[in-house]
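Okay, here's the structure, questions in a sec.
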Amino acid sequence: MKILVVEDEVQLADALSEILRRNMYNVDTSYDGISGLDNAMTGIYDCIVLDIMLPGMNGIDVLSNMRRNKINTPVILLTARSEVEDKINGLDCGADDYLTKPFVTGELLARIRALTRRKGEIVDDSSLDFNGLQLNKSTCSVMWKGSDVKLSLKEFQIMELLISNPHRILPKERIIEKIWGYESDVEYNNIEVYISFLRKKLSSINAPVHIKTARGIGYSLEQEE
Ligand code: CA
């Protein structure tokens, strides 16, 4: 899952990003409204945490610009004050939720989970399921019938993308955008290496699923026949 944090208080922005990373999210950070909007317009995020008071362009304008351009990424607004006006404005412009500063990070994490809980079958808060195969966020592992195997962070993130979009071909460039970001110099053969690690790990626990190659395009997660 990829999250964008747009917050100009550098310490808060960095602390939030760090907490999200520790919770297995992939995080980009913007410190002003204009670069926040630039990032948001890529459409590659699963959720955006957006401060309202920002230099360059305020959060409400970032949000209304996004929505006008049909970017429907879920947005959680951060309001510095508990002013009713800000919240109403934000919700009117298409925000999905808001948090009033200061807040506890557990609450932010719960709201991000709620907003991103649409794809895949959620077994509980921290695991995704496909054909009996469970991907567990808290242990960073995949499990099949009591056997489990640990994944590296990138393997986990690729597996999460696949399991959230079962039977759908994920193009390699989409995987790179989602996991490494637009400006990365990761190449297709890097992904092939991760996919081959994942295949080995899946077969080591006899999981009845396989990662199918769509030649020249990408990969999909399928049931073993
Ligand atoms: Ca601010």
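The values are calculated or read from the model by the stated rules, or taken from the named source; none is laboratory data. Model, not experiment: these values are computed from the prediction. Virtual Cβ from ideal backbone geometry, glycine too; neighbours counted across all protein chains shown. Remember, those area values only see protein heavy atoms, side chains included, never the ligands or the DNA or RNA. Shrake-Rupley method; radii C 1.70, N 1.55, O 1.52, S 1.80 Å.
Ala110 fails exactly one of the following numbered conditions: (1) open to solvent by 30 Å² or more (accessible area, probe 1.4 Å); (2) at pLDDT 85 or above; (3) in a helix (DSSP H, G or I); (4) touching a Phe, Trp or Tyr at 6+ places or on another chain (Cβ under 9 Å). What is the number of that condition?
Status for Ala110: all satisfied but (4).
Considering each residue of region 141-156, count those that are in contact with a Leu (Cβ under 9 Å, 6 or more places away or on another chain) and closer than 19 Å to Ile191 by Cβ, and give that number.
So the count comes out to 4.
Which one is nearest to the ligand (Cβ to nearest atom), of the residues in region 1-27 that are β-branched (Val, Ile, Thr) and in a helix (DSSP H, G or I)?
Taking the candidates together, the pick is Val10.
Quick grid of which residues meet (1) over 26 Å from Ser164 (Cβ atoms); (2) modelled with pLDDT under 90; (3) away from the ligand (no atom under 15 Å from the Cβ):
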{"position": "Cys47", "(1), (2), (3)": "no, no, yes"}
{"position": "Pro55", "(1), (2), (3)": "yes, no, no"}
{"position": "Arg67", "(1), (2), (3)": "no, no, yes"}
{"position": "Ala114", "(1), (2), (3)": "no, yes, yes"}
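Among the numbered conditions (1) within 16 Å of the ligand (Cβ to nearest atom); (2) farther than 20 Å from Ser184 by Cβ; (3) within 18 Å of the chain's Cα centre (by Cα), tell me where Gly36 comes up short.
So Gly36 meets the others, but not (2).
Test Asp86 against the criterion of being open to solvent by less than 40 Å² (accessible area, probe 1.4 Å), acidic (Asp, Glu) and not in a loop (DSSP other than H, G, I, E, B), and give yes or no.
Working: open to solvent by less than 40 Å² (accessible area, probe 1.4 Å): yes; acidic (Asp, Glu): yes; not in a loop (DSSP other than H, G, I, E, B): yes.
Answer is yes for this residue.
Moving on to the next point. Write out, first by first residue and then by second, each pair whose Cβ atoms fall under 8 Å of each other, whose residues are 6+ apart or on separate chains, and whose first residue, in region 26-54, is closer than 29 Å to Lys137 by Cβ and β-branched (Val, Ile, Thr) while the second is open to solvent by 10 Å² or more (accessible area, probe 1.4 Å) and within 15 Å of the ligand (Cβ to nearest atom).
So the pair list comes out as Thr29/Asp14.
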